[in-house]
Amino acid sequence: MAERPSAAQEALSKVEDQLSCLVCLEPYTNPRLLSCFHVYCQHCLEDIVAHNRQGQLECPKCRRPTPLPPTGVSGLQAAFNVHHLFDIQEILKKVKEPQKLACEKCVKTTRKATSFCRQCTKFICDMCTTIHKEYEEFEGHEVVTLEKVEGDLIRLVSPKKTSPHCPKHDEKMKLYCEPCGELICRDCLVHIHKDHKYCVIADTFESHKKEILDSLGPVEKQLEATDTALVNLDGRHAEIVEHGGTIATNIHSKFDKLHQALYAREGELMAELEGHTQQQLKSLSAQRKEVEILQTQRSSCLHFVRESIRTGSPGDVLKMKQGVVKQVRELVDTFDPNTLEPRETTNTCFVPSAQLVKDSKKFGGLCCVNIPRKAITEQKVTAYYRFLCPLNSAPPEAKLVSKLTNKTTKCAVKERGQGEYEISYQPTVGGASELIVRVGGEEVEGSPFPVAVKTPIDKLGTVIKTINDLKSPRSVALNQAAEIIVAEAAADIVSIFSPTGDKLRTLDTRGTAVGAMKNPRGVAVDGDYNILVLDAGNHRLLKFSRGGDLIAAVGSRGDGSGQFNDPIGVCVNSVNGKVYVVDYRAHCVHIFNSDLTFSSKFGSEGNGNGQFNSPCDVASDRSGCVYVVDAGIDRVQVFTPDGGNLRQFGKRGSRNGEFNFPLSICVDSDDLVYVGENWNGRVSAFTCEGVFLKSFGSIGSEPGQFKSPFGIAVDQCGVVYVSDNGNNRVQIFS
């Protein structure tokens, strides 16, 4: 049996645990105190700050941030109490083997130590112990035996209290400056803290110590509360475990009684499924015979007529013509193409009942569902639902729910006979929706079924939702999860909203540091959910992950490659993955690779084809062509992905198809082009060739009106999102 470790060994192990840094797992070097009262090595904390993108210091254990002083980590409070533990560690190492412990007071002697002096922090022999008791200079020293030391060394060892030296004047700091809360020396008092209220440390220590201890009162109460809470939580944990066991016993008891009935019901359902399957196969076999007859009739017709023409005389052929042609026409007219489509499907599934009842024959049933995946606004859409088992069950329930507005459209359910039902609905809101189908209170397999409600362009223009209380929204974009991303220029943030308009998170690192933003203008999303932000105030392009981590930052103010002079609009080309940035004052478009390395640029100041006069926004279509809206010339120009000019459309005016200082542009999945106009206060839609289709909106603050529509985005269903800058909102149209 292993020997039980001594008290000194146990104490040493406990102390060494307290002296290990949780980051490097080594003994502390230059220990520093965080605001959460956790202690780490100075070099470990410096590594944490160096690897933090914002240069912040977060506690590795509790994640609480600690403000850094101007001098960095080295300026944090030194954890001087740790040095006392190092002293205790050294003494404990000696106490661990008392038989080898020699007196540390005697000169040139090997007398065995038998006691320990707290004030001297030395081990002493019997002779030195006697001297401590008899000599006046040792009056007040507390000497204890080694047995007592081993039992309570941590309490017995007195901390070394030394007066710190002034780093500026190399003398002891014996004064305390009240206004500054600093230790100072006499020279500091004369040269730096002149006229400040000060006191001698020895005279004021007790009052300040009392103030510090008094401040711990609320902490002690909170600690008591947490201790009580932990006891209560442990008690509740035990109650829940015990209660769970009781419920589990009840569940097992109930289901033991149900198992036999369920096994019997399983057999009935399997037999019914077998009957249903055989019925389907029989139906398909009969259909196959019908098709074989059709095949034989037409094969005989072709063979007879062709052989008659080949072998008969002209007279014979003409003699039979009238009758044969009539028979052929009758054969063609009686042909039904629907006969060729299989009448039976493989969409049978099992639908359990909503709850177990005493009559186990009502538990479960078979059904098959055929739900359309797309619907068109203003048209009545019908889905067919066949409920096969049991036939006497309640009919299905269905509803269509808009994912954008949460608006529910009631569905009509009509029985067609033989367990088959017809579900019909007429969507009133465009965008992504879900069809929810329930039988007996339980959703059928596959429910909810996605339904993409496409908004016809001629019906577009109704406000279905508004996101208010934004701060100068300059641009809007959508990611693959239908989240709404808005650049709020006046707040120096980018906000991300759910499809229903609830705020999810923000990118809000303000300032000029890398990753910070000042006056964000354009936003776009690439194929990996990454968010591209034009940091106009700092003349650069930022790339963030969906969660908000900075991935890359490029650009600076200037006229060189990859430099900007007021970047305002951005898009990601879905064909080549490149990023296009419109530079308002440089009158050009920059092209970056997907990793934001500079590729090329095109355009110059002027009114000719391929030139710009205050370009404001950029977009691309399915083929990769690039569309640039040019506010100064009131037109849209279309380019190849490399910047070759293809065509242009638009001119100044207020009539349909004309522009008045266009600010924003977007191209949807059908290559329809949407342009937001500042002074006309509207959004106009065109074909990719520039043919006018539709416009909506006017100048104002009412729903459907605009004051500077700076940004446009369109989802897969044709729902249009407009950042209404002057009204501090995003309006959503269907």
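Here are the numbers for this structure:
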quantity: Test: residue in the stretch 10-29 that is among the aliphatic types (A, V, I, L, M), within 34 Å of the chain's Cα centre (by Cα), surrounded by 17 or more Cβ atoms within 10 Å (Cβ to Cβ) and modelled with pLDDT of 85 or more; calculated: no
quantity: Among (1) surrounded by 14 or more Cβ atoms within 10 Å (Cβ to Cβ); (2) more than 31 Å from the chain's Cα centre (by Cα) - the single one Thr455 does not satisfy; calculated: (2)
quantity: Residues located in the stretch 599-618, provided they are among the aromatic types (Phe, Trp, Tyr) and more than 15 Å from Asn565 (Cβ to Cβ); calculated: Phe602
quantity: Number of the exception - Leu532 against (1) in contact with a Lys or Arg (Cβ under 8 Å, 6 or more places away or on another chain); (2) within 22 Å of Pro615 (Cα to Cα); (3) not in a strand (DSSP E or B); calculated: (3)
quantity: Answer residue from the stretch 30-56, given it is among the aliphatic types (A, V, I, L, M) and assigned to a helix (DSSP H, G or I) and is surrounded by the fewest Cβ atoms within 10 Å (Cβ to Cβ) among those; calculated: Ala50
quantity: Selection from the stretch 697-734 of residues that are surrounded by fewer than 23 Cβ atoms within 10 Å (Cβ to Cβ), over 16 Å from Trp679 (Cβ atoms) and in contact with a Pro (Cβ under 8 Å, 6 or more places away or on another chain); calculated: Asn728, Arg729
quantity: All strands (runs of 3 or more DSSP E) inside the stretch 425-480 with 1 or more residues being of a type in the set (Phe, Trp, Tyr) and on the phi < 0 side of the Ramachandran plot; calculated: 449-454
quantity: Residues that are without any contact (Cβ under 8 Å) to a residue 60 or more places away in the chain and under 25 Å from Asn593 (Cβ atoms), drawn from the stretch 631-650; calculated: Gln637, Val638, Phe639, Thr640, Asp642, Gly643, Gly644, Asn645, Leu646
quantity: Checking Gly697 against (1) under 33 Å from the mean Cα position of the chain (by Cα); (2) within 30 Å of Leu470 (Cα to Cα), the condition it does not meet; calculated: (1)
quantity: Qualifying position, being among the acidic types (Asp, Glu), under 27 Å from Val486 (Cβ atoms) and over 33 Å from the mean Cα position of the chain (by Cα), among Asp634, Asp559; calculated: Asp634
quantity: Any hit, the stretch 325-335, residues being among the polar types (S, T, N, Q) and at pLDDT 85 or above; calculated: yes
quantity: Unique residue being under 30 Å from Leu281 (Cβ atoms), over 29 Å from the mean Cα position of the chain (by Cα) and modelled with pLDDT under 60 when the list is Leu356, Leu388; calculated: Leu388
quantity: Failed criterion for Trp679 (all others in (1) out of contact with any strand residue (DSSP E or B) (no Cβ under 7 Å at 6 or more places or on another chain); (2) under 17 Å from Gly569 (Cβ atoms); (3) not β-branched (Val, Ile, Thr) hold); calculated: (2)
quantity: Any hit, the stretch 535-546, residues being on the phi < 0 side of the Ramachandran plot, surrounded by fewer than 23 Cβ atoms within 10 Å (Cβ to Cβ) and assigned to a loop (DSSP other than H, G, I, E, B); calculated: yes
quantity: Residue match in the stretch 639-648 (condition: hydrophobic (A, V, I, L, M, F, W, C), closer than 18 Å to Ser561 by Cα and surrounded by fewer than 19 Cβ atoms within 10 Å (Cβ to Cβ)); calculated: no
quantity: Selected residue (criterion: modelled with the lowest pLDDT) from residues of the stretch 180-238 that are small (Gly, Ala, Ser) and over 25 Å from Gln77 (Cβ atoms); calculated: Ala229
quantity: Residue that is surrounded by the most Cβ atoms within 10 Å (Cβ to Cβ), among those in the stretch 522-534 that are aliphatic (A, V, I, L, M) and within 15 Å of the chain's Cα centre (by Cα); calculated: Ile531
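The values are calculated or read from the model by the stated rules, or taken from the named source; none is laboratory data. Just so we're clear, the structure is a prediction, and the values are computed from it rather than from any experiment. In this analysis, Cβ positions are derived from the backbone assuming ideal geometry, glycine residues included, and neighbour counts consider all displayed protein chains.
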